[in-house]
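To start, the structure under review is shown below, and the notes come after it.
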Amino acid sequence: MKYTIEKLKQIFYENKCKLLENEYKNNSTKMKYICECKNQSEIILKDFLRGKRCMKCKGNEKYTL
């Protein structure tokens, strides 16, 4: 299925996230988004559709000094 950017923004919104991209290439290109936990991250569409979310939500957040 070929998605439009508008449809993707709707999918992210319905999952309490916000897509920050304005262009969609394919389902294996990383896209920037704000996760439901308010963390900004990148994800590929097929992982997002499978229910995966950011590292913070998974409990694997990388900490920096």
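Give me the angle, in degrees from 0 to 90, between the Cα long axis of helix 5-14 and the longest principal axis of the Cα atoms of the chain, rounded to the nearest 10.
The two axes meet at around 50 degrees.
Once you measure Cβ to Cβ distances between cysteines in the chain, which Cys have no partner under 4.7 Å?
Here C17, C37, C57 come out as lacking a disulfide-compatible partner, given the Cβ-Cβ threshold of under 4.7 Å.
In deg cm²/dmol, rounded to 500, what helix-only [θ] at 222 nm does the chain give when every DSSP H run of at least 4 residues adds -39500 (n - 2.57) and the total is split over its residues?
Numbers: 3 runs with 19 residues, N = 65.
Result for the chain: -7000 deg cm²/dmol, rounded to the nearest 500.
How long, wide and thick is the chain, going by the Cα atoms along their three principal axes, in whole angstroms, largest first?
In descending order, the Cα extents are 39, 21, 21 Å.
Values quoted throughout were computed directly from the atomic coordinates according to the rules given, and no laboratory measurement underlies them. All of these numbers come straight from a predicted model, not from anything done at the bench. Every residue, glycine among them, receives a Cβ derived from its backbone with ideal geometry; neighbour counts consider all protein chains shown.
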